[in-house]
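Everything below concerns the one structure shown next.
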Amino acid sequence: MAAPSPPPPQIFKAYDVRGLSGEELDGDTAFLIGRGFARVLAELREKPAGDLVVGLGHDMRESSPEMAERACEGMVAEGVRVLDAGRVATEQLYFLVGSRELDGGAMVTASHNPRAYTGMKLLRERALALSGDAGIQEVRAQIEAGLPDPPGGGSAEPVEVGEAFHRYVMGFVDPKAIGPLRVLAYGSDGMAGPMVGPVLEQLGVELRTAAWEPSSDFPERGPNPMLEENRELIAERIREDRVDLAIAWDGDADRCFFFDEEANFCDGDFVCALLAEALLRKEPGAMVLCDPRSSRAVPDRVAELGGRTGLSRVGHAFFKRRMRDEGAVFGGEVSGHYYFRDFYCADSGAIPALLMLELVSSRGSSLGELMAGFRSRYFISGEINSEVPDQDAKMAEIERRWSDGDVSHLDGISIDYPDWHFNVRPSNTEPLLRLNLESLVSREHMADKRDEVLGLIRS
């Protein structure tokens, strides 16, 4: 039998491996990735592949069971012992790797991407993510160099993580302090239902659910609550069920999103500020990380509570490392990824949901009232994409134009003035520049500055 062809290079992304199912990624590709991943992990861990113990999981997509099985075969062929958690949410795989101190993990998922996609998230020890800067390209290089005959000798065994995971995340809150609230849980036909459903059912909330059971037959547009058409579906259910708030998760449930009682979407910046408050009330003086796109609502609220703020590059691989380096108790991205020191510095969709329910219950205010304090002071543009053929030249032009501001280059370019600021960063995969801008003056001022910056970007 001929050896499988090397996979196309474009599937090896900045934060994961991802591509069109059956065209760019299939079972044979997963087998090669499993082998390459085992060899790279052995180098990172400085031990033979035969001494590695690796966790494995997969999401609800139609292609995922076969992809996971073949990735498992690849790792076993290299001598790895695989602990297969079966169909789980991504953070449950993080929990398996972190709680059992495994050497690494592989999660078969395409996250929030449309139905045609499949992929894998690859981890090393302590649930640290491999990235395009560290690990993923090495897996690609192993495969493209031509893999030798595998030594064999590995094994695979099923493991159950649900009950232990549910107990662990419940420890982040006082369950008796939550409720009474009427809550809509929107699962996007993904992994949120089995991941967080058993926890929510133990709380003093009246739970309503939608798209709650995992299904490979989710809408073609994908299990992504950030899309406007999906938000409108959630908003309709909020108005119909007259809930106090809604929580929505993406397909692999490592991100969650919030809507208030008036069906207004809650921006990730402001959610980050509230979650920082929840953590700082439990651990005064701790550090919180945010990304360069974030609203000043985050550092302002952290400072008001006596905490400290740091910055991280965008992306889960970078946040997890920065969380460890700084000892930060919490980190948040505007995209809905929220990281917790006491969850192996990994991102979670379950813990933010629990913390927000506890905070709303304890404050005695609706989520809309809590959001109003931010919406009336901080005027944000949201992320705006522009197609730009020469990203580097345009970034240099932006820096020259606003050189009188406070300039930084942590992730793209950030320009700060006392009453407004913005970040422009290039896409990792497309010829796009992404703008996030905020005014502390008014929504009109924000719109004027947004249009000014966009005018230069698109000129």
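Data table
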| quantity | calculated |
| --- | --- |
| Lone unmet requirement of (1) in contact with a Leu (Cβ under 9 Å, 6 or more places away or on another chain); (2) at pLDDT below 95; (3) of a type outside the set (K, R) for G336 | (1) |
| Residue list for segment 322-351, restricted to those being buried (at least 24 other Cβ atoms within 10 Å of the Cβ), among the small types (G, A, S) and not in a strand (DSSP E or B) | A328, G336, S348, G349, A350 |
| Test: residue in segment 66-74 that is among the charged types (D, E, K, R) and outside any helix (DSSP H, G or I) | no |
| Among residues of segment 246-274, those that are of a type outside the set (F, W, Y) and closer than 13 Å to A192 by Cβ, counted | 10 |
| Selection count, segment 190-215, where residues are more than 17 Å from S64 (Cα to Cα) and among the small types (G, A, S) | 5 |
| Close pairs (7 angstrom Cβ cut-off, 6 or more residues apart or separate chains): farther than 17 Å from S131 by Cα and surrounded by fewer than 16 Cβ atoms within 10 Å (Cβ to Cβ) in segment 1-13, of a type in the set (K, R) and at pLDDT 75 or above anywhere | none |
| Failed criterion for A210 (all others in (1) within 20 Å of the chain's Cα centre (by Cα); (2) modelled with pLDDT of 95 or more hold) | (1) |
| Filtered residues of segment 255-291 (kept if buried (at least 24 other Cβ atoms within 10 Å of the Cβ) and either assigned to a loop (DSSP other than H, G, I, E, B) or over 21 Å from the mean Cα position of the chain (by Cα) (or both)) | R255, D291 |
| Subset of segment 156-174 [surrounded by 17 or more Cβ atoms within 10 Å (Cβ to Cβ) and within 15 Å of A253 (Cβ to Cβ)] | V161, F165, H166, V169 |
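The values are calculated or read from the model by the stated rules, or taken from the named source; none is laboratory data. In this text, all values refer to a predicted model and were calculated from it rather than measured experimentally. Here Cβ is always computed from backbone atoms with ideal geometry, including for glycine, and neighbour counts include all displayed protein chains.
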